[in-house]
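Worksheet: the structure to be examined is printed underneath.
The values are calculated or read from the model by the stated rules, or taken from the named source; none is laboratory data. Everything numeric in this text was worked out from a predicted model, so none of it was measured. In this analysis, Cβ positions are derived from the backbone assuming ideal geometry, glycine residues included, and neighbour counts consider all displayed protein chains.
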Amino acid sequence: MSEDNKIRRRQEPPRPQFPKRAIVTAGMPYGNKELHFGHIGGVFIHADVFSRFLRDRIGKDNVIFVSGTDCYGSPIVESYRKACEDDGYKGTIEEYVTENHIKQKKTLDDYEIGINLFATSAFSRSGQIHQEVSEEVFELLYDKGYLESLSTPQFFDPDFKVLLNGRQVVGECPIEGCRSDKAYADECALGHQYMPSELINPKSSLSGKTPEITKVTNWYFKLEEFQKLLSERVDYLRKNTNSRKYLLNTMEEFLREPMIYIKKNQLPKLKEIIDKLPEHEYIEEEKKPSVTLLFKNLKDREEATEIIARHGVNFRTGKTLVPFRLTGNIDWGVKTPVKEGLEDLTFWVWPESLWAPISFTKAYLENGQASSKDWKDWWCSTDANVYQFIGEDNIYFYGIAEMAMFMAMQKEEPQILPKDGDLILPHLIANNHVLFMDKKASSSSEIKPPMASELLQYYTNEQLRMHFLSFGLDNKSVSFQPAVYQTEEIEGIDPVLKEGNLLTNVYNRLIRSCFYTVQKYYDSFIPEGKVSDEILEEAKKVILNYERHMYNHQFHRISDLLDSYVRKSNKYYVNNIRTADNNDDDELRKQVLIDSFYAVRVTATLVHPISPTGAEMVREYLGVDERIWDWDTIFEPLDFFISNINEHKLKFLEPKVDFFKKHDSQLI
């Protein structure tokens, strides 16, 4: 090796290390609806692209991508009730959820989401396994002393004479500074947790009246005991991993000490009772409109809120860890083991959805192709990792509650770095919101999002996959603004088509040009020879940057990288083939084809996780096997995959054949 190469090698950053086995998850859509554009564009496409990359990078039998329909819980019950009462739906709740599950699965298939198992938490084998896993988790947490039964306030509608489930009560979030547009019985749309008695202006969705409050006993996980460990975990992730900064900042917000905020115009009332409150620190800052009461523990704060409320003082609480409710009182749920005489309870939907991916992994391993059939090799091994793609609203559940419960289930004392044999603490990839026309859209808000299936009437899945991938949701929320939904005619290109045009126009043109030229001059045989050094060096740089961006889940950087590389490769072909043709220079023509087919091969491998169908068509016409996707051979030229280049004839490309197609509605 030359001295220059040795220096260059020393200067190159080390390549990222990937696990031997990987689980990828993409949250769980509720079983009361089809998938809207946010489900697909905000989570599933990103998870799918990463899982497809991992299959190429570490072997397809070493990657399992699982998700499923979240069948249980109050959102399902409430939607089913409305479907029956308002829309005249006649089926059972099981049929209602099953119909939505089938629609969700079809949409995922239509978007080429290459999920190994899209299961359900209620039905078939995955539902049976999920019941078993849920019981095991409960028993383990109970035996370790991390569960407690608490009698807490719950809403009751006296007109209908029923306890109200979470989604049957709507009010305002009591958490200071919360911008949620909806708050339910004990959580808001942004995931903030609070006691039902703290909900502001509660209304029953059944009667429309203010419900009464009664005490109900449920099982709670002692989440507040993990505040110190979770803080240590955040510090560790910040210093030693590529976890997204805003994810860690959001997690830290939930780990604050228990606080109460009281507006300064309430101070006369507060001063009358302040001596009756548990020990606290009183904080008053001149420029802030509220004073802060800081308590030593949650119990003291809860006692203080009762006293303050009883004396008519308005207040809001701050984010802090509260006991995490594990069970509920609705029939439609995973049954909870009977302990201490507490019968007829079901798991609250959020806790059981956190370990549902374990259930789905077990279900897949019974019949699926994998390098190991033991679920612990995937979830409890230091050789493996779990990547969970989530939306920003769910950071509390995955970043706080899940981490604490998984630590609680460790064999020895809980610690932030699991030992081999303990449950992995998953690596979270939290995306910001995908907005619709600059506004937040959701099924429960005034702005209804378009269904993901509707978009396929106007765009191909490859165009949408490229577009959503370019958003940079690791940095900020981004607005989805398709021209077909705009009320006014826009100038220039449809924003959705910008990234997809790289494939449908530029890359298509490069591939076809190479094929048509080799057919015209060399009877579909690629000329024999070496790829130019500068072409190899450029490709290597792109490949290594792509790998690093994938490792860091910076998908928008991948989009930019591919755009630059494909356009540069196309320009190289056009300029040099024109020179060869003008000068009738056959040697130059051969070299251009050798170099350009190498660029086609490299791009196909990098595009494979993003646009699998088009990339597979390129492989088919090149006449090579699936080793072309293997990152162990990522730097190899085409002739590496061909036994004899002089005898290897490419598949004939007919005129006007596209490898990456436009939607029929876009063809003129």
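Things worth noting here:
- Listed by first and then second residue, the pairs with beta-carbon distance under 8 Å, at least 6 apart or on different chains, first residue in region 124-147 and polar (S, T, N, Q), second in a helix (DSSP H, G or I) and at pLDDT 95 or above, are S126/S359; S126/F360; S126/A363; S134/E352; S134/W355; S134/S359.
- Pairs, first within 15 Å of Y111 (Cα to Cα) in region 599-612, second part of a helix (DSSP H, G or I) and polar (S, T, N, Q), C-beta under 9 Å, six or more apart: P609/S51; I610/S559; S611/N461
- Test: Q369 is under 18 Å from S67 (Cα atoms), in contact (Cβ under 8 Å) with a residue 24 or more places away in the chain, in a loop (DSSP other than H, G, I, E, B) and not β-branched (V, I, T): yes
- Within region 512-524, if we keep just the residues that are of a type in the set (S, T, N, Q) and more than 39 Å from the chain's Cα centre (by Cα), the residue that is surrounded by the fewest Cβ atoms within 10 Å (Cβ to Cβ) turns out to be Q519.
- Verdict on T579 being out of contact with any Phe, Trp or Tyr (no Cβ under 6 Å at 6 or more places or on another chain), under 30 Å from D110 (Cβ atoms), among the hydroxyl-bearing types (S, T, Y) and assigned to a helix (DSSP H, G or I): no
- Residue in region 105-117 that is touching a Leu at 6+ places or on another chain (Cβ under 8 Å), closer than 24 Å to Y194 by Cβ and at pLDDT 95 or above present: no
- Which listed residue is among the small types (G, A, S) and either surrounded by fewer than 17 Cβ atoms within 10 Å (Cβ to Cβ) or closer than 24 Å to H427 by Cβ (or both), from S79, S67: S67
- Residues within region 487-511 that are surrounded by fewer than 18 Cβ atoms within 10 Å (Cβ to Cβ) and farther than 15 Å from V607 by Cα, tallied: 10
- Test: residue in region 472-485 that is of a type in the set (D, E), within 26 Å of T107 (Cα to Cα) and at pLDDT 95 or above: no
- Check on Y572, surrounded by fewer than 22 Cβ atoms within 10 Å (Cβ to Cβ), under 23 Å from E547 (Cβ atoms) and either among the aromatic types (F, W, Y) or not assigned by TED's automatic domain parsing to the domain that holds S513 (or both): yes
- Meets criteria (of a type in the set (G, A, S) and either farther than 29 Å from K215 by Cβ or crowded, with 21+ Cβ neighbours inside 10 Å (or both)) for G145: no
- Any hit, region 269-292, residues being β-branched (V, I, T) and either assigned to a loop (DSSP other than H, G, I, E, B) or closer than 28 Å to E392 by Cα (or both): yes
- Checking the stated criteria, F123 turns out to be at pLDDT 80 or above, of a type in the set (F, W, Y) and closer than 27 Å to I23 by Cβ.
- Single residue of region 526-550 satisfying the filter (surrounded by fewer than 16 Cβ atoms within 10 Å (Cβ to Cβ) and more than 30 Å from the chain's Cα centre (by Cα)) that is nearest to T605 (Cα to Cα): E537
- Remark: pairs (first residue in region 10-29, modelled with pLDDT of 95 or more and assigned to a strand (DSSP E or B); second residue acidic (D, E) and surrounded by 14 or more Cβ atoms within 10 Å (Cβ to Cβ); Cβ separation under 8 Å; 6+ apart in sequence or on different chains) = R21/D377.
- For the residues R589, R567, the requirement of being buried (at least 19 other Cβ atoms within 10 Å of the Cβ), among the basic types (K, R) and in a helix (DSSP H, G or I) singles out R589.
- Residues (aromatic (F, W, Y) and either part of a helix (DSSP H, G or I) or within 31 Å of the chain's Cα centre (by Cα) (or both)) located in region 109-162: Y111, F118, F123, F138, Y142, Y146
- Of residues in region 380-412 being assigned to a loop (DSSP other than H, G, I, E, B) and touching a strand residue (DSSP E or B) at 6+ places or on another chain (Cβ under 8 Å), the one surrounded by the most Cβ atoms within 10 Å (Cβ to Cβ): S381
- Taking region 268-311 as the range and being of a type in the set (A, V, I, L, M), surrounded by 14 or more Cβ atoms within 10 Å (Cβ to Cβ) and out of contact with any Asp or Glu (no Cβ under 9 Å at 6 or more places or on another chain) as the test, the residues that pass are L270, I273, I274, A304, I307, I308.
- Of all residues in region 597-607, none are buried (at least 19 other Cβ atoms within 10 Å of the Cβ) and either farther than 30 Å from I58 by Cα or at pLDDT below 95 (or both).
- When residues of region 380-424 are limited to those that are in contact with a helix residue (DSSP H, G or I) (Cβ under 6 Å, 6 or more places away or on another chain) and aromatic (F, W, Y), the one farthest from R21 (Cα to Cα): F397
- Filtered by the rule that a residue be in a loop (DSSP other than H, G, I, E, B), within 19 Å of K161 (Cα to Cα) and hydroxyl-bearing (S, T, Y), region 185-234 gives S205, S207, T210.
- Any hit, region 649-659, residues being farther than 17 Å from S513 by Cβ and assigned to a loop (DSSP other than H, G, I, E, B): no
- N201 out of contact with any helix residue (DSSP H, G or I) (no Cβ under 7 Å at 6 or more places or on another chain) and without any contact (Cβ under 8 Å) to a residue 12 or more places away in the chain: no
- Lone unmet requirement of (1) buried (at least 20 other Cβ atoms within 10 Å of the Cβ); (2) assigned by TED's automatic domain parsing to the domain that holds I129 for S371: (1)
- Matching residues, region 200-230, being surrounded by 15 or more Cβ atoms within 10 Å (Cβ to Cβ) and within 27 Å of the chain's Cα centre (by Cα): Y220, F221, K222, L223, E224, F226, Q227, L229, L230
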